[in-house]
1. Could you please tell me which pairs satisfy a Cβ distance under 6 Å, a separation of 6+ or placement on different chains, a first residue in the range 230-248 that is farther than 30 Å from GLY197 by Cβ, and a second residue that is surrounded by 11 or more Cβ atoms within 10 Å (Cβ to Cβ)?
2. Only one of these is under 30 Å from the mean Cα position of the chain (by Cα), farther than 20 Å from MET272 by Cβ and assigned to a helix (DSSP H, G or I): LYS192, LYS221. Name it.
3. Of the residues that make up the range 157-178, is at least one part of a helix (DSSP H, G or I) and touching a residue at least 40 places away in the same chain (Cβ under 8 Å)?
4. Could you pull out the residue among ALA269, ALA265 that is touching a residue at least 40 places away in the same chain (Cβ under 8 Å) and more than 38 Å from the chain's Cα centre (by Cα)?
5. Specify the residue that is surrounded by the most Cβ atoms within 10 Å (Cβ to Cβ); the eligible residues are those in the range 178-194 that are at pLDDT below 90 and either under 13 Å from SER224 (Cβ atoms) or aliphatic (A, V, I, L, M) (or both).
6. Only one of these is buried (at least 18 other Cβ atoms within 10 Å of the Cβ) and either touching a His at 6+ places or on another chain (Cβ under 6 Å) or more than 15 Å from ILE124 (Cα to Cα) (or both): ALA63, ALA77, ALA26, ALA67. Name it.
7. Do we have GLN244 as assigned to a helix (DSSP H, G or I) and either within 26 Å of LEU148 (Cα to Cα) or among the basic types (Lys, Arg) (or both) here?
8. Out of the residues in the range 139-177 meeting the condition of being in contact with a Ser or Thr (Cβ under 7 Å, 6 or more places away or on another chain) and under 30 Å from GLY93 (Cα atoms), tell me which one is modelled with the highest pLDDT.
Amino acid sequence: MKNEAIKILQRKKKNILENWVKFQLADEGLRDDLMSNDDLRSQSEELLNSFVASLSDANIDTADNTAFEPVTDILGAISITRAKQGFTPRETGNFVFSLKDALMDVMQQEIKDPQELYMQSVKIHKLIDHFTVHTFETFIKGREEVILRQTDEISEISTPVIQVWDGILALPIIGTLDSARTQVVMENLLQKIVETGSSIAILDISGVPAVDSLVAQHLIKTVSATRLMGAECIISGIRPEIAQTVVHLGIDLTDVITKSSLASALKSAFGMLQLQVSRVKMGQPLI
């Protein structure tokens, strides 16, 4: 004989859906700017249909039963989508928690025996709690994917290689220079050297908050890789405090051309390319 709770949920599925959607729409934290009411109802109906269809006497006591895979698949897709859309963990969790409220509301109306209601409620609570944990785990995975993608995009944006003159490249570095970012810096710089055929690259570290032995090693690696490509490297933005730190740490930069400012580095690059820039008086024709 089929479990009483299962029969109730199957028979009252429409009422459960209506109550569930009503509970969600009544939530003060509802993000109608991220999802329309129609989409909300569609997601709710898809999940509820799958949940009720998966329920059986064999699995109502076993949340990790393979019969619930369609349910967890739907929840996983919803969680990842919401993570990418900008929903918070609380808002995503409430989606499942409100389903529990809708299920309990119907069962309390249909099951009159207190002991039976308690036994069936415990089973449903365990199922929904299991799905909630799965929802949070998947949401965190989706949010991590978003963060990793944004980190990669920020790294690309924050390491622009600029051609400031024919044969001269400049790469202003802003923020901390770690191993991962050094790899991006080198890849972007070496690729630009190949594309432009430039012979001089200026690494401007004016925006680097502090230079320690690790940062210095990253800079030296970048200089070495640049030289292997046949280009000379100039490090600009050496502030007094950075110079003192380099000396204190015993870091050897004697083989590297260093300048206090980007303007000084550019002037040095002009000299290396035997270029001369002169001021032209107003009205004087350009040659």
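1. That search, which allows pairs on different chains as well, returns ILE242/VAL211; THR245/VAL211.
2. After ruling out the rest, the residue left standing is LYS221.
3. No: zero hits.
4. None of the other options fit; the residue is ALA269.
5. VAL185
6. ALA63
7. So GLN244 fails the test.
8. Taking the candidates together, the pick is PHE139.
The values are calculated or read from the model by the stated rules, or taken from the named source; none is laboratory data. Keep in mind the model is a prediction, meaning the values are calculated, not measured. Please note: Cβ atoms are built from the backbone with ideal geometry, for glycine as well, and neighbour counts cover all protein chains shown.
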